[in-house]
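No lab work stands behind these numbers, since they all come straight from the coordinates. Please read all numbers here as calculations on a predicted model, not as lab measurements. No Cβ is skipped: glycine too gets one built from the backbone with ideal geometry, and neighbour counts run over all protein chains shown.
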Amino acid sequence: MKTGLRKIEVLTVTALLGATAVPAYGEAGAAGAYRWLTFSVFAAVIALTMYITYRAAKRVKSAADFYTAGGGISGLQNGWAIAGDYLSAASFLGIAGLISLYGYDGFMYSVGWLVAYITVLLLIAEPCRNIGKYTLADILAYRNDPKKTRIVGALSVITVSTFYLTAQMVGGGVLVKTLIGIDYEVSVVAVGVLMLSYVLFGGMVATTWVQIVKAILLVVASVVIVMLVWTPYGFSLPAFMQDVVADPKVQARVATLLGDPARNMSAAELGQRFLEPGLYFKAPIDQISLGMALVFGTAGLPHILMRFFTVPTAQAARRSVVWAMVIIGGFYVLTLFLGFGAAKHVGPATIAGVDAGGNMAGPLLAQYIGGGADSFLGNFMLAFVSAVAFATIVAVVAGLVLAAASAMAHDLWVGVVHGGETVPAASQVRAARVATVLVGAMAIAIGIAAKGQNVAVLVGLAFAVAASANFPCVLLTLYWKRCNTTGVVAGMIVGTLAAVGLTLVSPNLTYPKAVRAAAHTVLDAQAAQRASIAAALASGDGDAAAKARTSATALDKAVAKANADIAKVAGQETSFTGLEAPLFTLKNPGLISIPLGFLAVLLGSLLGRDKRSEDMWDEMYARQNTGLLVSRAEGH
Amino acid sequence: MTNPEAINWSAVIADPRFQKLHRRKITVLWGLMALSVVYYFLLPVGAAYFQEVFRIRVWGVLNVGLLFALSEFVVAWAIAVYYSRVANREFDRLAAEIAADFAKPRAG
C-alpha cells in the first residue's frame, strides 16, 4: 500500500516535470510487468557473490587470511579490487548524475578522485606494504609507542569508517528503494545482512573477489552503454557533444540553473554553457578545499590502505595502484559519456525528478539505450545496472566493515588489551568475527536511525578526517626522522577534531533562520513575478507567452519548495549544534583542517621526546625502502 | 624468518647504495608529487578565475576547459607509468641488492 503510494508520487513528479520522451521510471522500476526480470537479475548477481563467499570461506583459517587474504592477491587482482572498493555508489552513480545535471562541473569533480591515487602510489602504498601487516595503526605503531598510537589510530579508523559507512548505508537504502521499490528499512537490512555474510564467512578473500567481480560487471555494463551511446556519432567526441549542447532539454536545464541572466541568451549559448564551469560549484575556494580533501584523504582511507596488505610485495602494491588508476580513470572517462548521454537522451529534468541528486542518471540511460521502459532489453539493462549498483553498495560496505573490525580486533583487542602478546590464532579470528558482527549491527542500526537525513556531507567528512588526521600521521611517521609518539597522538586528535568541528559549524547543516529567510524571499517576490507573467501572456506575443509559461511552471515549483522548506524547519531556531548561522564558510574543512593536522604532528614531535621513535627509525626506514623482512602471512 | 635484531639496520642506512636509493627516491617521488599537485589544482583554479580562457572553443563545441580536464587524466596516467618504469628499473634493483646482502637467511 505504502509502496504503491510512493510510486504514484514518483509518477506525478515525473509527469509534472514534463517528461515526454521517456516513460515514467517508477513503473518499470518495480511494479511493472518486468518486476520478475529485475528480481531474477538481482538474484543471479547475489547468487554469484554467495558462491564466491562459499568458495572463499574454506580458505579462511588464520587472522592473516581473514584480514588480508593471506597476502596472496596479485597486483592485477588487487587493482581491480581497489577499483571495486573505490567506485562506490557515490562516485559510480553520483558523478554520472552530477554531469547529467550540471555538465562540466560534474566532470571536473571526477578528476580529483583519480589524481588522489598519485599520492597513494608515490608516497603510501609501497612503504605501507613493506612495514605493515593488517591495519593503518600497524604503520604508526612500528616506531612509535605501540599502545598509544594503536589507540588513536584505531579510533580514527573507526571514526572515518563509520562516517563513510553511514553515508553508504543511508544512500544505499534510498537507492535500493528507488531501484526495486522495496521499503527503506528492508533495503538497509538486506545490504547489512548480505555484507555480513561475505565478511563473516569469507573475510578478506570473499570481500576481495566480490569487489573484483563487481568492478568487472560495472566496467562491462558501462562500456556497453557507452558504445551504444557513441556509435551513432562514428566515435567522434565533438559530434557527440555537439548533439548534447543542441538538445532542448539540456538548454532548458541551463536556463533553469542560471535564472535571470539566461533571459538574453540564445539556445545555442545556453547549450554551450553546459560545457563551461560554474553551474554547480559557486565558490571557488570550496572546490579547492574539497580537492585537497580528495587528493590527500584517499591516502588515509583505512579500507583503501588495507588493500595493500593483501599483496605479497611492494612491487605488487605498485602494480596494483597503477592498474587501479587505469580502471578508475578509464571509468571516469566512460562516465563523461554516461552523464552527457543521460542529459541528452533522458533529460536533466526527468533525472532530477526521479532523484534530486541525479543518482538515477546511469540506470535511466541504460533503460533508454536498451529500448525504453516498454522493451525487454531496456528493462534487462536497467535491472542489470541496478543489480551492479546494489552489489557496489554491498561490496564497499564490506570493505569498510572489515577495516573498522580490524581496528577493533587487531589494534584494540590484540594490540592494546593483550599488550601485543601473542594471542592464539584461533582466538584472533574469533575476535575479528565478533568485531565484524558488532560493526555490521551498528551499521544497520545507524542506517535505519539516520533515515531521511542528508548524509552526503558525511562522505566529504570521512575524506576530510582521513586527510587531516590519518594522512599527516602516516606520512610523517614514514618520512620524517624526528616524528614521534607525541606528534602522532596530537595529529590524530587535532586533525579529527578540526575536521569534525569545522563541519559542525559549516554551511552544510540546516540553519532554520536562513532557510526561512530564503523561502520568504521567494514567496515575497511571487506576486510581482505573477504579474509580469500575466502581462506577457496577455501581450499576444507568441514567443514571450511561451517563455512566460515556462517561468510560471518554474515559479510554481519554487513556491512549492519554499513552502515545504518552511514546514520542514517549523518550530526550530538553530542548527542542531545550536547556531543561528554558520561560523565557518567552507563546505569542506580540508583547506584549514589538513594544515592544522600537519602542524599538530610537527609541534607535537618537536615538543615531545620518544626514544623508541628515534631508535626504530633506521630499522623502519631501511625496511620500507628495501622490503627486507617483508611480512608474509604465516604458513604461506 | 630472520629476526629484526639480527640485521644491523644502521649499517643498511649507511650503505652507499642505500644512500643513493634514498636520494634518488626523494628527488623522483617528491618531484612527481609536486608536479601532480600543481597540475591538478590548476583545474579548479582555472575553472574559478580563468573562465574566459576555459570558454574558448577549440575543437567543435569542445572548449579549453573540457580538454584541460581530459588532459588531467592523461597527465595522471603518465606520472604513474613514468614512476613505475623508474621504480621497476632502478629502485627495485638497488633495493634487491641491498636486501640480498643484509638478509642472510637461514644459514646466517
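With a threshold of 32 Å on the Cα-Cα distance, the over-threshold entries among A:K177/A:K547; A:K133/A:K214; A:K451/A:K587; A:K344/A:K561 are A:K177/A:K547. Using every pair of distinct Cα positions in segment B:17-101, the Kirkwood expression returns a hydrodynamic radius of 15.2 angstrom. Can you tell which of B:V64, B:A6, A:A398 lies farthest toward the positive end of the dipole of the protein assembly as shown, using +1 and -1 charges on the Cβ of basic and acidic side chains (Lys, Arg; Asp, Glu)? So the residue furthest toward the plus end is B:A6. Straight-distance candidates among the aspartates and glutamates for linking to A:K568, with alpha-carbon spacing under 18 Å and chain neighbours fewer than 8 residues away dropped: A:E580.
All alpha carbon pair distances within segment A:82-182 were sorted into 5 Å bins beginning at 0; the resulting P(r) in whole percents reads 2, 10, 13, 16, 19, 15, 10, 8, 5, 2, 0.
When only alpha carbons of segment A:303-371 are considered, Rg and Dmax amount to 17.4, 50 Å. Helical runs assigned H by DSSP (4 residues or longer) give chain B a calculated mean residue ellipticity at 222 nm of -24500 deg cm²/dmol, each run adding -39500 (n - 2.57) before division by the residue total.
Here the calculated FRET efficiency for A:T422 and A:K147, from their Cβ-Cβ distance with R0 = 25 Å, stands at 0.95, rounded to the nearest 0.05.
Please give the residues of segment A:282-312, grouped as numeric ranges, whose backbone N is less than 12 Å from a label point set 7 Å along the Cα-to-Cβ vector of B:L42. Those under the cut-off are none; the list is empty.
Candidate membrane-span-like segments in chain B, meaning DSSP H helices with Cα atoms spread over at least 30 Å of their own axis and a Kyte-Doolittle mean of 0.5 or above, are B:16-49, B:64-86, with no membrane implied.
For chain A, find the longest principal axis of its Cα atoms and tell me its angle to the long axis of helix A:425-449, 0 to 90°, nearest 10. That works out to roughly 20 degrees. In the calculated pair-distance distribution of segment A:566-636, the portion above 14 angstrom amounts to 79 percent of the Cα-Cα pairs.
Over segment A:259-367, the ratio between the Cα radius of gyration and 2.2 N^0.38 Å evaluates to 1.46.
Charge tally around A:T585: other residues with Cβ under 14 Å, Lys/Arg +1 each, Asp/Glu -1 each, net +1.
What residues from segment A:201-245 fall in the zone where the backbone N is under 16 Å from a label point 7 Å along the Cα-to-C-beta line of A:S266? Only A:245 pass the distance filter. If R0 is 35 Å, the Cβ-Cβ spacing of B:R93 and A:L579 corresponds to a FRET efficiency of close to 0.05. Each Cα pair under 8 Å and six or more residues apart adds its separation to the average, and for segment B:17-101 the resulting relative contact order is 40 percent. Placing dummy labels 7 Å off each Cα toward the beta-carbon, the span from A:A33 to A:R55 is 3.8 nm.
Separation of segment A:164-222 from segment A:365-403 is 11 Å, based on Cα centroids. Cβ crowding within 10 Å ranks A:T350, A:T553, A:T162 as A:T553, A:T162, A:T350, fewest other Cβ atoms first. Of the residues B:F73, B:V86, B:V45, the one whose Cα sits farthest towards the positive end of the charge dipole of segment B:17-101 is B:V86 (charges of +1 on Lys and Arg Cβ, -1 on Asp and Glu Cβ, taken about the Cα centre).
Between the alpha-carbon centres of segment B:40-96 and segment A:293-337 there is a gap of 17 Å.
For chain A, which longest stretch is free of loop sites, where a loop site is one of the chymotrypsin sites (Phe, Trp or Tyr not before Pro) that DSSP puts outside H, G, I, E and B and that has at most 12 other Cβ atoms within 10 Å? Between exposed loop sites, the widest span is A:236-575. Between A:T553 and A:K481, the contour length at 0.36 nm per residue exceeds the Cα-Cα span by 19.5 nm.
With a Förster radius of 41 Å applied to the C-beta separation of A:A239 and A:D615, the computed FRET efficiency comes to 0.05.
Solvent-free Debye calculation, one equal scatterer per alpha-carbon of segment A:524-601: log10 I(q)/I(0) at 0.22, 0.23 Å⁻¹ equals -1.00, -1.04. Volume of the convex hull of segment A:413-462 (Cα atoms only), normalised per residue: 94 Å³. Each of the GluC sites (Glu not before Pro) that DSSP puts in a loop and that has at most 14 other Cβ atoms within 10 Å breaks chain A; the longest unbroken stretch is A:1-420. For the protein assembly as shown, the Kirkwood estimate of hydrodynamic radius, built from reciprocal distances between every pair of different alpha carbons, is 27.0 Å.
Over all Cα atoms in segment A:160-236, the spread is summed up by Rg and Dmax: 16.5, 48 Å.
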